[in-house]
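> Have a look at this one before I ask anything.
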Amino acid sequence: MTSKSGKKRASKKRPKKGEMEGGGVKEQRPSIQSSSSVTRTSSSTTTTTTTTTTSSTSGNKWETLTQWTDDSVAMVADWWNMKEDQVEKLWQLRDRLTDVTHWKNQPNEVVRYLRDAKFNVKDAEAKFRRMIQWRIDEKVDDIIHDYQPPHPLMEEYLPTTVLAATDKEGDPIWVERVGAADSWGLFKRFGQHDLIRYAVYIREVCIRGKWAEDFQQKSGGKPPMRATAIIDLGGMSFDHCRPALLPLLKEGLKIVQEYYVGFGKKIIVIRVSKLFPMVWKVAQHFCGENMKNMMVFATADNYLEVLSEYVELEKLPPCLFEGGEGHGGVAMPNSLDGGKVPSWEELDRMWEKRQQKQKQAALLPPKEIKTSDVLSVQTSSLMSDEEAPFSQRSGTTVTDLLSPTSSAFSYARDRNALQPEDWSDANFREAMRVWECTPKEEAQLRELQQRVADVDHWKNRPSILLAYLREHKHNLKVAEDCFRKTIQWREENGIDHLIETYRPPMLLLKYFSNTILRPDCCDKDGDPIYIERPGPTDSWSLYQRFGAKAMCEYLTWIREEAGRGRYQKEYERLHGHEIHRITVVVDLVGLSTRHMKPGLLPLFREVVNVAQAHYCGIAKRVFVIRAPRIFKVIWKIVQHFLEDRMKKLLIFASEGDYLDVMSEYIELENLPPCIYEGGHGEGGIGLPKRLDGGLVPPKSKHDYDLATREDIDPGLVDGKFSDGMDGSVASVSAKVARLGGGFFELSDDDDARTVLSVCSLASQRET
């Protein structure tokens, strides 16, 4: 064989089954589905010989696809209709990947990346290695055995499955009913991380789990090669177009295109509505050319005709074809109805009705009723407990279903418990990755860990110690002293119990203009935004009414609520990780001589000292905006209270350019209306909502009334906020009018995020 350059390729003996280059021996796997995450190298020739003999005598030609041999490559080439030069490139790619000891390093998997890269060996290698690294980082190889959906509601109300039947070519059929799903309700209940994790789990079960094993038995050992995907958009509404869902869509499409390359054969998008052209304007930017080439679109009028070209209609589920008998395969979800995700109150009512029914029939005591009974999930008697979806397996009680703090919720981990952080190697490596630590920092952090090993406190964990280490210029002694002082300060002032014991005074809640914006109104890095508006705040009146200690306690409560309370749980639910850093915006508009009272100086000094000493490394950058001329006088005094490391975080911006400055780091629409006219940002769950400030009213007997949870979160519904897009109706209604009527004709220069914001507002107006 000759290459394009005309030079004859050096003859190279192909390795035999079980052999790797360099003489090493690689343990064989009987099939893709039964292989574990990492292929181990064995030094025992006897073991290898036995395995090879077993494979050869089994009579299953497909098993050879897991091995790099001439026969397996020939089979792959025949399956994918590869030319001779393309086969040669497959071998070249194999030679480049000899160091990758992962079960995915086999001809039928590697060839997908080569084809996706249009037979560019270098690009295919890079993409394959990224996929392997992703699987290691996200522990995807263990997901089939270790993963459990965070709640049965996800299986019940996320209508996605792989059917038991196949298409006309004998390949799997993936069904996803986007229009029937309550995407916004699921997103608010579970967050992006859990939804993505669940989708990955379904794909892994299809590729190498119980479903794949069942498929192989029916197809004579042939593993699942490619799949026909049916995306049903019937029922799509403005609720599916909320801006907060955009990162979820982007991440989901990225995973499919980069880490599950070559599994898609045809993507049939059916029952597209008049709303879809607007949605496609946004979604198409997340779809590569390979994905777009696989797509077929069909309306509600002709989708059955289109589907019949690829799938026998009777194999479809009844929700797609009235006479269909299709259903989810082994270990796959069977519910494709979707529907609105019920609130906890609705689940309570479901439970009460079920309980009364069971009592009347005297069937089961209430304590023994299972989750599957409450949700009326039909479990096949032929399906083993291991094969059944998690929501249908034994051991899940109704208490797990109804309690938002139960172990069924992986995202509801109790952050208030005072227990040492797990210093396992896995958690330590994760902290090193997130904070991009150098090897020197890693060694210093290990040493600092040993120095404070006697500190039995939940703050004793890698990310927090690293913050102290960096804030104090990697001086181990200083970092240790400051950390110990923080623990002592927390114990002496009861900070660890502040969330449970503290109730803010109503006056502070109304007139102290500061908060942390909702988790879906973050900066461009995905970090929360803290807003403080000293100008509109009647600081002197509040100080006279409550004193420095009470005001400092109030500010500390906000920090703790954001770091360990309901806000933190909501943030983790949406972003899939805890809060790392915070962007601070200090708005000085309205600053005057009223804020220059000498008595306020001790208050300012105490607030700054607490932030710098006991909340190290939290602030990422601090914007000081719209400062009036009088600020120059104030700055001459307050700058002496700021440490040099804090001064380096400051970014000053005037009235004329503050929006341009902040737009580099923050999407302006995420800001509150008091800072940006078109913004819709507001305080997050459990935090103050008002940022208008104002003069404190005269003293009365109600001055020291304490706020209730309803006072803090007046717009709370079912434990979650609504979308809360509180922008100017006049400004966005003009955009709605420009889009015009029910069928949206968008120009190319329409900004995707603006379009989605308009849809979000229109959805609220409909309601």
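The values are calculated or read from the model by the stated rules, or taken from the named source; none is laboratory data. None of these values were measured; they are calculated from a predicted model. Glycine gets a Cβ as well: all are built from the backbone with ideal geometry, and neighbour counts include every protein chain shown. For accessibility, only protein heavy atoms count, side chains too; no ligands or nucleic acids. Shrake-Rupley method; radii C 1.70, N 1.55, O 1.52, S 1.80 Å.
> How many residues are assigned to a loop (DSSP other than H, G, I, E, B) and within 18 Å of Phe321 (Cβ to Cβ) when one looks only at the range 165-177? Break it down into steps so the answer makes sense when it comes.
Filtering the range 165-177 down to residues assigned to a loop (DSSP other than H, G, I, E, B) leaves 167-171.
Keeping just the survivors that are within 18 Å of Phe321 (Cβ to Cβ) gives 167-168.
Of the residues in the range 165-177, 2 are assigned to a loop (DSSP other than H, G, I, E, B) and within 18 Å of Phe321 (Cβ to Cβ).
> Pick out the one residue from Arg226, Arg208, Arg177 that is within 17 Å of Asp337 (Cβ to Cβ) and of a type in the set (D, E, K, R).
Arg177
> Right, next: When Leu591 is evaluated against the numbered criteria (1) assigned to a helix (DSSP H, G or I); (2) farther than 28 Å from Asp481 by Cβ; (3) open to solvent by less than 30 Å² (accessible area, probe 1.4 Å); (4) of a type outside the set (S, T, N, Q), which criterion, by number, is the only one it fails?
Unmet condition: (1).
> While we're on this one: Is the range 610-619 home to any residue that is open to solvent by 20 Å² or more (accessible area, probe 1.4 Å), free of Cβ contacts under 8 Å to residues at least 60 places away in the same chain, farther than 24 Å from Pro247 by Cβ and out of contact with any Leu (no Cβ under 9 Å at 6 or more places or on another chain)?
yes
> Follow-up. What residue, among those in the range 241-277 that are modelled with pLDDT of 90 or more and of a type in the set (D, E, K, R), is most open to solvent (accessible area, probe 1.4 Å)?
Within the range 241-277, the match that is most open to solvent (accessible area, probe 1.4 Å) is Lys250.
> Residues that are in a helix (DSSP H, G or I), within 23 Å of Pro318 (Cα to Cα) and out of contact with any helix residue (DSSP H, G or I) (no Cβ under 8 Å at 6 or more places or on another chain): does the range 183-202 have at least one? Write out each step before concluding.
Within the range 183-202, the subset in a helix (DSSP H, G or I) is 183-202.
Right, trim to within 23 Å of Pro318 (Cα to Cα) and you get 183, 199, 202.
From what's left, out of contact with any helix residue (DSSP H, G or I) (no Cβ under 8 Å at 6 or more places or on another chain): 202.
The answer is yes; a qualifying residue exists.
> Quick one: what pairs do we get from the range 500-528, first residue among the acidic types (Asp, Glu), second open to solvent by less than 20 Å² (accessible area, probe 1.4 Å) and part of a loop (DSSP other than H, G, I, E, B), C-beta under 6 Å, 6+ apart or different chains?
As it stands, the answer is Asp523/Ile666, since those pairs meet every condition given.
> Another question, then. Restricting to the range 222-233, name every residue that is surrounded by fewer than 20 Cβ atoms within 10 Å (Cβ to Cβ) and out of contact with any Ser or Thr (no Cβ under 8 Å at 6 or more places or on another chain).
Within the range 222-233, the first condition is being surrounded by fewer than 20 Cβ atoms within 10 Å (Cβ to Cβ), and the residues that meet it are 222-223, 225-226, 231.
Lys222, Met225, Arg226, Ile231 - these are the residues of the range 222-233 that are surrounded by fewer than 20 Cβ atoms within 10 Å (Cβ to Cβ) and out of contact with any Ser or Thr (no Cβ under 8 Å at 6 or more places or on another chain).
> Might you let me know whether the range 123-141 holds any residue that is polar (S, T, N, Q) and under 25 Å from Trp79 (Cα atoms)?
Scanning the range 123-141 turns up no residue that is polar (S, T, N, Q) and under 25 Å from Trp79 (Cα atoms).
> Let me ask something else about it. Applying the selection to the range 456-497, what residues are β-branched (Val, Ile, Thr) and over 32 Å from the mean Cα position of the chain (by Cα)? Even if it seems obvious, please write down each step before you answer.
Initial filter on the range 456-497 (β-branched (Val, Ile, Thr)): 464, 478, 486-487, 495.
If the condition is that a residue be β-branched (Val, Ile, Thr) and over 32 Å from the mean Cα position of the chain (by Cα), then Val478 is the only one that fits.
> Looking only at the range 108-156, count how many residues are in a loop (DSSP other than H, G, I, E, B) and either in contact (Cβ under 8 Å) with a residue 24 or more places away in the chain or on the phi > 0 side of the Ramachandran plot (or both). Can you show your working first?
To start, the set of residues in the range 108-156 that are in a loop (DSSP other than H, G, I, E, B) comprises 117-120, 138-139, 147-151.
Retained after the next criterion (residues that are either in contact (Cβ under 8 Å) with a residue 24 or more places away in the chain or on the phi > 0 side of the Ramachandran plot (or both)): 118-119, 138-139, 147-151.
Residues in the range 108-156 being in a loop (DSSP other than H, G, I, E, B) and either in contact (Cβ under 8 Å) with a residue 24 or more places away in the chain or on the phi > 0 side of the Ramachandran plot (or both): 9 in total.
> Search the range 420-476 for residues being at pLDDT below 80 and polar (S, T, N, Q), and hand back the single one that is least open to solvent (accessible area, probe 1.4 Å).
If we take residues in the range 420-476 being at pLDDT below 80 and polar (S, T, N, Q), then Ser424 is least open to solvent (accessible area, probe 1.4 Å).
> Is it the case that Arg645 is open to solvent by 70 Å² or more (accessible area, probe 1.4 Å) and at pLDDT below 90?
Considered against the rule, which asks whether it is open to solvent by 70 Å² or more (accessible area, probe 1.4 Å) and at pLDDT below 90, Arg645 comes out as no.
> Give the residues of the range 645-662 that are of a type in the set (D, E, K, R) and touching a strand residue (DSSP E or B) at 6+ places or on another chain (Cβ under 7 Å), sorted by residue number.
none
> If we scan the range 488-498, do we find a residue that is surrounded by fewer than 18 Cβ atoms within 10 Å (Cβ to Cβ) and in contact with a strand residue (DSSP E or B) (Cβ under 7 Å, 6 or more places away or on another chain)?
Checked against the condition, which is being surrounded by fewer than 18 Cβ atoms within 10 Å (Cβ to Cβ) and in contact with a strand residue (DSSP E or B) (Cβ under 7 Å, 6 or more places away or on another chain), the range 488-498 yields no hits at all.
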